[in-house]
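What follows is a single structure, written as structure tokens, with notes after it.
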Amino acid sequence: MLRVTTASLCTYCQRMRLLLPPSASASTGPSPNKRPENKNTVDSLYELSVDIRKVRKFKGWVLSESSAYVSETADLLRDMGAESPVIARILETHPEAVLCLPEDVAAQRDLWVSVCPNKRELVGIIEKFPASFFALTHHSNQRANILYLQSLRLSKRIIGKLMASAPQSFSRPVEMNQQVIHTLRETYLDLGGDEGNLRLWLQKLLSQNPYILLRPAEAWRDSLGFLREQGFTTEELLKLVSSLRASIAELRPESMQQALQYVESALCCSKEELKQIVIRCPAVLYYSLPTLAERFQGLMDAGITMEQVKETPNVLELTTQIVLYRIHKLASYGYDVCSGSLDVIEGTKKDFEMTYGKLQLRQQRPLFNPVAPPRSAEE
């Protein structure tokens, strides 16, 4: 006689529940504060291998909507070249997509195809930024902004990246973006930039910070006006703007003033020395005072002098933990950073590994003399 224990019965029920469609395993009675789920929506998503539990957890309200276009949305994605696993991931991440009218999604597809090299690349963008693609409101603003940016001869890839990363800038009236671009153009030319290089400069700014168009035009004027007052020349300002890119529009004069005063005091430097430090390490303009103080203190505790920091200010871009790790690693090969240059520890992880590798090669000694005759076994 077969005995079924309580534990085995629970295991059996759990296995059966995994095999059933989610609508069948859902609670039989709706919660008093929750609308019942749309069985057609749930089953259609289940057939597409969408993780229903994930949708229930984060976007459960979608499953309760009376109208949904699951198969139509999947067909549109499939026509663009999306494979089944990709479709499932998109609908898991952004299940609201199935609530969009198919004709609206088709129109959005045609709009995005105009700035994407091909449909397969568009699928990659949709998978990464589904909320941006399925934001179907303000369609006329999106089209107007695309046409405007295309008139500036910006590359399709840059425009597509902007649409995916910062869709808000395409949803607002084109006049607002025109005002920001006009300010950027004036800034670049006033600082001595060449008209022939303007398009490439704009593309660099927009690719580095897609949210640049959302910054008020006045922010650029205020930041640059403050830096002019600090004595930076036109050429130096252009270099700073190119280094900081769109970040300069996010800096407030008050915070920059505090940062400059702290660096000047901590390094006991002159105004001219301070300018050179900022030009070589523009990041000091946007670091908070606690961050600057922590990094300066970490360098001093490690035995590094103020003169070394003046000579290599880019070391301030590294956290104290990274600085200490690199100093310790170099010390294992006999290199004393405190008595040498900080050039060996600044830069990216890749830069440091290359420097460290060269130091290893110099310190290594051959284990045998390659020109000596080999020893015999008797020796």
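The values are calculated or read from the model by the stated rules, or taken from the named source; none is laboratory data. Computed from a predicted model, the values in this text were never measured in an experiment. Using ideal geometry, Cβ is built from the backbone for each residue, glycine included, and neighbour counts are taken over all protein chains shown.
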TODO: Of the numbered conditions (1) over 14 Å from ILE212 (Cα atoms); (2) at pLDDT 90 or above, ILE159 fails exactly one; give the number of that condition.
DONE: (1)
Task: Residue in region 35-52 that is surrounded by the fewest Cβ atoms within 10 Å (Cβ to Cβ), counting only those that are of a type in the set (A, V, I, L, M, F, W, C) and in a loop (DSSP other than H, G, I, E, B) - done: LEU48
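Does LEU274 meet the test of being within 24 Å of GLU307 (Cβ to Cβ), among the aliphatic types (A, V, I, L, M), touching a residue at least 12 places away in the same chain (Cβ under 8 Å) and surrounded by 15 or more Cβ atoms within 10 Å (Cβ to Cβ)?
Details: within 24 Å of GLU307 (Cβ to Cβ): yes; among the aliphatic types (A, V, I, L, M): yes; touching a residue at least 12 places away in the same chain (Cβ under 8 Å): yes; surrounded by 15 or more Cβ atoms within 10 Å (Cβ to Cβ): yes.
Against the criterion (within 24 Å of GLU307 (Cβ to Cβ), among the aliphatic types (A, V, I, L, M), touching a residue at least 12 places away in the same chain (Cβ under 8 Å) and surrounded by 15 or more Cβ atoms within 10 Å (Cβ to Cβ)), LEU274 qualifies.
For every residue, the table says whether it meets (1) of a type outside the set (A, V, I, L, M); (2) farther than 16 Å from THR234 by Cβ.
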residue	(1), (2)
GLU175	yes, yes
GLU186	yes, no
GLY196	yes, yes
ARG199	yes, yes
LEU206	no, yes
PRO210	yes, yes
Open item on the list: Yes or no: region 195-214 includes at least one residue that is among the β-branched types (Val, Ile, Thr), modelled with pLDDT under 90, more than 27 Å from LEU342 (Cβ to Cβ) and surrounded by fewer than 15 Cβ atoms within 10 Å (Cβ to Cβ).
Closed with: no
Open item on the list: Take PHE352 and tell me if it is aromatic (Phe, Trp, Tyr), closer than 30 Å to VAL241 by Cα and at pLDDT 90 or above.
Closed with: no
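Out of all the residues in region 211-259, which are outside any helix (DSSP H, G or I) and over 29 Å from PRO173 (Cβ atoms)? If you could, list the steps in order and put the result at the bottom.
Kept after step one, since they are outside any helix (DSSP H, G or I), are these residues of region 211-259: 215-216, 230-233, 251-252.
Of everything in region 211-259, those that are outside any helix (DSSP H, G or I) and over 29 Å from PRO173 (Cβ atoms) turn out to be GLN230, GLY231, PHE232, THR233.
Within the bounds of region 365-373, is there any residue that is closer than 30 Å to LYS310 by Cα and either at pLDDT below 70 or not in a helix (DSSP H, G or I) (or both)?
no
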Task: Which numbered condition TYR262 fails, given (1) closer than 22 Å to PHE226 by Cβ; (2) modelled with pLDDT under 90; (3) of a type in the set (Phe, Trp, Tyr) - done: (2)
TODO: Please go through region 320-356 and pick out each residue that is touching a Lys or Arg at 6+ places or on another chain (Cβ under 7 Å) and surrounded by fewer than 19 Cβ atoms within 10 Å (Cβ to Cβ).
DONE: THR320, TYR356
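Could you grab me the full set of residues in region 54-92 that are among the hydroxyl-bearing types (Ser, Thr, Tyr) and farther than 19 Å from GLU37 by Cβ? Give the steps one after another, and end with the answer.
Of region 54-92, the ones among the hydroxyl-bearing types (Ser, Thr, Tyr) are 64, 66-67, 69, 71, 73, 84.
The one that is among the hydroxyl-bearing types (Ser, Thr, Tyr) and farther than 19 Å from GLU37 by Cβ: SER84.
Would you mind listing the helices (runs of 4 or more DSSP H) fully within region 111-189 where at least 1 residues are free of Cβ contacts under 8 Å to residues at least 24 places away in the same chain? Step through it out loud before you land on a result.
Working: elements: 119-128, 130-133, 139-151, 156-165, 168-171.
Result: 119-128, 139-151.
Would you mind finding the one in GLU127, GLU236 that is surrounded by 16 or more Cβ atoms within 10 Å (Cβ to Cβ), under 24 Å from VAL98 (Cβ atoms) and of a type outside the set (A, V, I, L, M)?
Working: GLU236 fails: under 24 Å from VAL98 (Cβ atoms).
The unique qualifying residue is GLU127.
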Task: All positions within region 278-303 that are out of contact with any Leu (no Cβ under 7 Å at 6 or more places or on another chain) and β-branched (Val, Ile, Thr) - done: THR291
